[in-house]
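A short reminder: the numbers here are calculations on the coordinates, not readings from a lab. These numbers were taken from a predicted model, which means no experiment stands behind them. Neighbour counts run over all protein chains shown; Cβ positions are idealised from the backbone, glycine included.
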Amino acid sequence: MDLRPELKDYYGTDNVYACYQCGTCTGGCPVHRYLPEYNVRQIVKDIIDGEIDLSDKSLWYCTTCYVCYERCPQKVKPIYLVQAATNSAFKKGLAPESIKEMNRIVLKCGRNSEITSIARKQRKALGLPELKDNVSEDYKKIAELTGLSKGL
Ligand code: SF4
Ligand code: SF4
């Protein structure tokens, strides 16, 4: 997939061609330390080459810690390229099922996990108020405008 035409929408990532593949981003990436298959330098290269694989589930390993953003000597902002790839993958329905499910739950009850019957009983026993499903109108609007619901 060629993402290059879309990059100008991602906070100045049109600087991507300044990347000289030094690997500083990957060297500081905490995900790469534990999961070597996640290589942000390679992701940047694949995007520059116009051939990023949006079905690659490892794209979603990024923790958004911004270490690559801080350390890149060329100000390429690698994290925004990762986000460009995951956003595009999501729109095409290629997000991992766990990501889709979490978003479905947030859209349904306003939290990233559903309230179980056990949790309800425990809260009652402790004298805590009952939790209600509560999706804010603002969130619903954001989901509609960003196309979130369509990618699920
Ligand atoms: S994105 Fe920056 S840190 Fe990463 S390889 Fe390219 S120039 Fe180096
Ligand atoms: S923001 Fe993502 S890609 Fe960048 S260093 Fe952190 S985990 Fe790695």
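Percent relative contact order of the chain, based on C-alpha pairs within less than 8 angstrom and at least six residues apart?
Values: 167 pairs, mean separation 33.9, N = 152.
Reported as a whole number, the value is 22 percent.
Suppose every Lys and Arg Cβ carries +1 and every Asp and Glu Cβ carries -1, with no other charges. What dipole size does the stretch 97-151 come out with about its Cα centre, to the nearest 20 debye?
Dipole of the stretch 97-151, to the nearest 20 debye: 200 debye.
Can you give the local net charge around THR116? Use residues other than it whose beta-carbon is closer than 15 angstrom to its beta-carbon, Lys and Arg +1, Asp and Glu -1.
+4
If we count every other residue with Cβ under 10 angstrom of ASP133's Cβ, Lys/Arg +1 and Asp/Glu -1, where does the sum land?
Overall, the nearby charge balance is +2.
May I ask for the distance between the Cα centers of the stretch 71-117 and the stretch 1-54, given as a whole number of Å?
The two parts, judged by their Cα centres, are 17 Å apart.
Please list, by residue number, every one of the trypsin sites (Lys or Arg not before Pro) in the stretch 49-81 that is coil in DSSP and has at most 12 other beta-carbon atoms within 10 Å.
Qualifying residues, ordered by number: LYS75.
Report the one residue of ASN39, SER149, GLN21 whose Cα lies farthest in the direction of the positive end of the charge dipole of the chain (charges on C-beta: Lys and Arg +1, Asp and Glu -1; origin at the Cα centre).
SER149
Report the FRET efficiency, 1/(1 + (r/R0)^6), for ASN134 and SER55, where r is their Cβ-Cβ distance and R0 is 30 Å, rounded to 0.05.
Efficiency for this residue pair is about 0.30.
Extending each Cα 7 Å along its Cβ direction at CYS109 and LYS8, get the distance between those two points in nm, one decimal.
Between CYS109 and LYS8, the simple spin-label model gives 4.4 nm.
Which of the listed residues, ILE48, LEU81, CYS68, is farthest toward the dipole's positive end in the stretch 4-91, when Lys, Arg count +1 and Asp, Glu count -1 at the beta-carbon?
The residue sitting farthest along the positive end of the dipole is CYS68.
Once the other residues with Cβ under 15 Å from the Cβ of LEU107 are scored (Lys, Arg +1; Asp, Glu -1), what is the net sum?
Details: positive: LYS100, ARG104, LYS108, ARG111, LYS140, LYS141, LYS150; negative: GLU101, GLU114, ASP133, GLU137, ASP138, GLU144.
Computed value for this residue: +1.
Among the listed pairs LYS92/LYS140; LYS77/LYS108; LYS57/LYS150; LYS8/LYS57; LYS57/LYS108; LYS91/LYS132, which are separated by more than 28 Å between their Cα atoms?
Among LYS92/LYS140; LYS77/LYS108; LYS57/LYS150; LYS8/LYS57; LYS57/LYS108; LYS91/LYS132, the Cα-Cα distance tops 28 Å for LYS77/LYS108; LYS91/LYS132.
If exposed means no more than 15 neighbouring beta carbons inside 10 Å and the site is in a DSSP loop, what's the longest run of the chain without any exposed GluC sites (Glu not before Pro)?
Counting at most 15 other Cβ atoms within 10 Å as exposed, the longest clean stretch of the chain is 52-113.
Each residue of the stretch 45-55 in turn: what ³J(HN,Hα) in whole Hz from Karplus with 6.51, -1.76, 1.60 and θ = phi - 60°, glycine and Pro shown as x?
The phi angles translate into 4, 4, 6, 4, 7, x, 9, 6, 8, 6, 8 Hz.
How big is the dipole moment of the stretch 4-91 about its Cα centre under a simple scheme where the beta carbon of each Lys and Arg is +1, that of each Asp and Glu is -1, and everything else is neutral? Debye, nearest 20, please.
So the magnitude is around 260 debye.
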